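First up is the structure itself, then whatever we jot down about it.
The values are calculated or read from the model by the stated rules, or taken from the named source; none is laboratory data. Everything numeric in this text was worked out from a predicted model, so none of it was measured. When we count neighbours, we look across all protein chains shown, and the Cβ atoms used for this are built from the backbone with ideal geometry, even at glycine.
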Amino acid sequence: MATDVALDTEALDRLVDLIRVGGTDLAEATLIIPTEHFTSPERLTREIALLRSRPLVVGHLSDVPEPSSFFTRTVLGIPLLVVRQKDGSVAAFRNMCRHRGGRVEQAESGRKGLFMCQYHGWSYAAEGGALKAVPYEETAGGIDRGCNGLIRFPCAVRHGLVFVTLTEDAPIDLPGFIGAGIDTQIAPWNLDSATVLMEHWIPLEVNWKLVMDGSIDSLHAQFLHPKPGGVGSRTVNHSAVFREFGAHGKMFMARAKLKRMLDAGEEIDATSRYVGTVMSLYPNNVLVEAPDHIELWSVWPDIADPGRCTVRIRFMVRPEIMSPEMAERITKSWDILRQAGMEEDFPMEAWIQENAAAWPGGTFRYGSNEKSAQHLHRQLHRDIDGGIVGEGTISFVAQDLHQSIKQA
């Protein structure tokens, strides 16, 4: 059985053209970003407010496989209780008793039909979050149960990913948010029924955007990951296609095998075997597409410290190709990623964070040939700054004319 996934043939054709001329997709301008965007508590506050207003990936259907199964998680400072409903949908509630604010569930996951606050015993149904029991209700002064159920957040599921918007009254238009373009890019991976093979949580003393930058950067692999058999030896540097899908995007990079086949004049199929892709799912997720599995990265800012974040990485594989041999291959992928991330990427990002803090008023430069890394910052600029260039915001430097030949 084939384990690779078919990809966009137009993107492959474009990538092949770029490899042949030694070029890469270019942005229309170089991007200049103030160092304060990585260190400012005020900027962080605006980013957190933005993230709370957007659909965020908080889990996968496999976390809540049957009715009344649940998981709890604190997301951007808000304790959540996420529960599978009888009709197969997923509901997200504030994990907070309406009496005096205690948590109604302390376990990380499980299955139960009723959630009880251990402070005073108020109890809530897993189905819909209704208030079901109030001890000593007859002397409590009158309680309207219909108005005191668990507070519900907008929640929806697409491609097996559980999205929650952390604004109670905001409608969640998931099809509109994801968009047809990126939806089509996710679909071939069959994430609805994917097996989550492994999961890792990694706390870092790094601004969340620096981690996002590193995950979708097309220029650094050969320099930061030069070890034989490592990431740098497996990809072609400075030859990437980047496609924008509204707020989201996708980078296509050639695996080293593709370059060897091109040099040998061999035929090439548009599959994940020859092309590595990284999909950015705005605002804080990336899907790293390996030949036979997905790495889902969710990068969570610390709500109080702009110099901290937590990275959650899940390795997901289609059930029809799962086997002991596949598990072994994916474990090897994790070993490669762990070595590159822990020993190279994350230390570099920590140094960048240190220098940003030590250089108030400074700026960092994202070149025209770093189109994929620019994308998140441009979108945040539109959403937070209204796209207006001014003091404290990003600025642009026009592309050098001689670079245009690299657009091929």
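When residues in segment 137-155 are screened for being at pLDDT 95 or above, surrounded by fewer than 17 Cβ atoms within 10 Å (Cβ to Cβ) and under 15 Å from residue 99 (Cβ atoms), 3 of them pass.
Just checking, does segment 310-330 include any residue being in contact with a strand residue (DSSP E or B) (Cβ under 7 Å, 6 or more places away or on another chain), under 21 Å from residue 244 (Cβ atoms) and in contact (Cβ under 8 Å) with a residue 24 or more places away in the chain? No, segment 310-330 has no match at all.
Condition check ((1) touching a strand residue (DSSP E or B) at 6+ places or on another chain (Cβ under 6 Å); (2) in contact (Cβ under 8 Å) with a residue 24 or more places away in the chain) across all residues:
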| residue | (1), (2) |
| --- | --- |
| 204 | yes, yes |
| 224 | no, yes |
| 249 | yes, yes |
| 252 | yes, yes |
| 256 | no, no |
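Would you check if there is a residue in segment 332-345 being in contact (Cβ under 8 Å) with a residue 12 or more places away in the chain and farther than 21 Å from residue 294 by Cβ? Scanning segment 332-345, I find at least one residue that is in contact (Cβ under 8 Å) with a residue 12 or more places away in the chain and farther than 21 Å from residue 294 by Cβ, so the answer is yes. Out of 110, 59, one residue alone is within 27 Å of residue 307 (Cβ to Cβ), of a type in the set (Gly, Ala, Ser) and in a strand (DSSP E or B). It is 59. Among the residues making up segment 186-202, those that are within 15 Å of the chain's Cα centre (by Cα) and of a type outside the set (Phe, Trp, Tyr) are 186, 191, 199, 200, 202.
Being touching a Ser or Thr at 6+ places or on another chain (Cβ under 9 Å), surrounded by fewer than 17 Cβ atoms within 10 Å (Cβ to Cβ), more than 23 Å from residue 54 (Cβ to Cβ) and not aromatic (Phe, Trp, Tyr) is a condition met by no residue of segment 284-291. Only a single criterion out of (1) in contact (Cβ under 8 Å) with a residue 40 or more places away in the chain; (2) surrounded by fewer than 16 Cβ atoms within 10 Å (Cβ to Cβ) is not satisfied by residue 33, namely (2). Only residues that are within 20 Å of residue 284 (Cβ to Cβ) and either crowded, with 18+ Cβ neighbours inside 10 Å or acidic (Asp, Glu) (or both) were counted in segment 379-397, giving 6. Taking segment 300-324 as the range and being part of a loop (DSSP other than H, G, I, E, B), touching a helix residue (DSSP H, G or I) at 6+ places or on another chain (Cβ under 6 Å) and not hydrophobic (A, V, I, L, M, F, W, C) as the test, the residues that pass are 306, 307. For segment 149-169, name all the residues that are out of contact with any Phe, Trp or Tyr (no Cβ under 9 Å at 6 or more places or on another chain) and assigned to a loop (DSSP other than H, G, I, E, B). The answer is 160, 169.
With respect to being in the same structural domain as residue 140 (by TED's automatic domain parsing), over 29 Å from residue 176 (Cα atoms) and either among the basic types (Lys, Arg) or free of Cβ contacts under 8 Å to residues at least 12 places away in the same chain (or both), residue 84 falls outside the description. Restricting attention to segment 86-101, the residues that are surrounded by 15 or more Cβ atoms within 10 Å (Cβ to Cβ) and outside any strand (DSSP E or B) add up to 5.
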